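One structure below.
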Amino acid sequence: MASQVTFIGAGNMAGAIIGGMIDSGYPRDAITATSPSDEMLAPMREKYGIHTATDNATAVAEADVVVLAVKPQIMQDVCAGMRDAVQERKPLILSVAAGLSAETLEAWLGGDLAVVRCMPNTPSLVGAGAAGLYANPRVSEAQRDLATELLEAVGLVEWVDEERLLEAVTAVSGSAPAYFFLMFEAMEEAGVSLGLPADTARRLAMQTAFGAARMAMDSDKTPGELKRNVMSPGGTTERAISHFEDAGMRRIVAEAMNACAARAREMADELGQH
């Protein structure tokens, strides 16, 4: 019998995970989503055929897993409203809210709870996500496996042993889709300056990124080895890579990712003070 999963929040990320679960064969009648407004729930109910509710406490009363998928700024009030029901049921708490520590969430929900924090990214919306997960000491192996199952429905799952490493996950994958979108923009602009139509340059850049990622994931070679395989001595690729290296691309990437991780820490501190 499938575990009962209740999603608190019915936004894009909740919808992505629910859609992935159903596509992977998870039973619809074991999934519930909540929102204060039935207007938000109706499309999800019609699209996925799941249970919906406007009362969080009622929805978690039979839940084995409660997925917290609301904005971090309203999370404390949301937790307060279902605290008693959560304490009575003691479900696994799975949070996809950025910046809120497992300790904070556990405290807001009354303590003594198994909490998994997840840092997903937006490609989860198309089933190609990458998520970093952290479990507090109360999470059992069975609960850890269940969290993996739910998040693997929308992409890759990697566990980290220390909660602070979710800041690094934010820099490497959480915020990183935007890095690649920036690269697409730059390549499109450069392609146009070289005479290509914008849409042609855009499609070529995106397909090439898709192909490169596919090659890298299917290969046992490192990215460095794959890069060298494309480069002929004195050729076009070597010339381009030399320009990237001479311009300090590695330093720029490192500085940007460090800035991202630092901001993740700042946001966690700001939210933790509420």
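The values are calculated or read from the model by the stated rules, or taken from the named source; none is laboratory data. Everything numeric in this text was worked out from a predicted model, so none of it was measured. Accessible surface areas use protein heavy atoms only, side chains included; no ligands, DNA or RNA. Shrake-Rupley method; radii C 1.70, N 1.55, O 1.52, S 1.80 Å.
Taking the protein heavy atoms of the stretch 96-157 in the context of the full set of protein chains, the accessible area attributed to carbon and sulfur is 51 percent at 1.4 Å. Working note: Karplus 6.51/-1.76/1.60 with θ = phi - 60° gives the stretch 117-131 the couplings 9, 10, 10, x, 9, 5, x, 4, 5, 10, x, 10, x, 9, 10 Hz, where Gly and Pro are set to x. Rolled with a 1.4 Å probe across the full set of protein chains, the surface gives Trp108 an accessible area near 40 Å².
Cα convex hull of the chain: mean projected area in nm², to one decimal?
Values: hull surface 67.8 nm².
It is 17.0 nm².
Can you put Tyr26, Tyr179 in order of accessible area, largest first, using a 1.4 Å probe?
Working: Tyr26 25, Tyr179 80 Å².
Descending order: Tyr179, Tyr26.
Only protein heavy atoms count here; on that basis, with a 1.4 Å probe, Phe181 has an accessible area of about 120 Å².
Of all lysines in the structure, the ones whose alpha carbon falls short of 29 Å from that of Lys90, not counting any fewer than 8 places away in one chain, are Lys71.
At a 1.4 Å probe radius, which order do Met82, Met231 fall into by accessible area, largest first?
Working: Met82 0, Met231 50 Å².
If we order Met82, Met231 from most to least accessible, we get Met231, Met82.
In sequence order, the stretch 246-252 has phi-based couplings of 5, 7, x, 4, 4, 5, 4 Hz under the Karplus curve 6.51 cos²θ - 1.76 cosθ + 1.60, θ = phi - 60°, and Gly or Pro positions carry x. Across the stretch 78-94, computed HN-Hα scalar couplings (Karplus, 6.51 cos²θ - 1.76 cosθ + 1.60, θ = phi - 60°) run 4, 4, 4, x, 10, 4, 5, 5, 5, 5, 6, 8, 6, x, 6, 9, 10 Hz from first to last residue, x flagging Gly and Pro. Entry note, the stretch 35-165: relative contact order of 17 percent, from Cα contacts under 8 Å with a spacing of 6+ residues. Gap in Å between the Cα centre of the stretch 126-196 and the Cα centre of the stretch 11-77? When both Cα centres are located, 22 Å separates them. In the elastic network of the chain, a GNM with C-alpha springs shorter than 10 Å, the most mobile of Val78, Val70, Val160 is Val160. Take every pair of alpha-carbon atoms less than 8 Å apart whose residues are at least six positions apart; their mean separation over the length of the chain yields a relative contact order of 15 percent. Could you tell me which of rounded, prolate or oblate describes the stretch 16-125, using a ≥ b ≥ c as the square roots of the eigenvalues of the alpha-carbon gyration tensor, with rounded for a/c under 1.5 and, failing that, prolate when a/b is larger than b/c and oblate otherwise? Cα axes put the stretch 16-125 in the prolate bin. To check you understand DSSP bridge types, tell me what percent of the beta bridges within the chain (both residues inside) are antiparallel, rounded to 5. Bridges in the chain that DSSP calls antiparallel: roughly 15 percent.
Taking amide hydrogens as placed 1.01 Å from N in the peptide plane, the amide H of Phe7 sits under 5 Å from those of Thr32, Ala33, Thr34, Val67, each at least 5 positions away in sequence or on another chain. Calculated accessible area for the chain comes out at 56 Å² per residue, all protein chains present (probe 1.4 Å; ligands, DNA, RNA ignored).
Only Cα pairs under 8 Å and at least 6 apart count here; give the relative contact order of the stretch 123-274 as a rounded whole percent. Write out the running numbers ahead of the final one.
Details: 93 pairs, mean separation 32.1, N = 152.
Across the stretch 123-274, relative contact order equals 21 percent.
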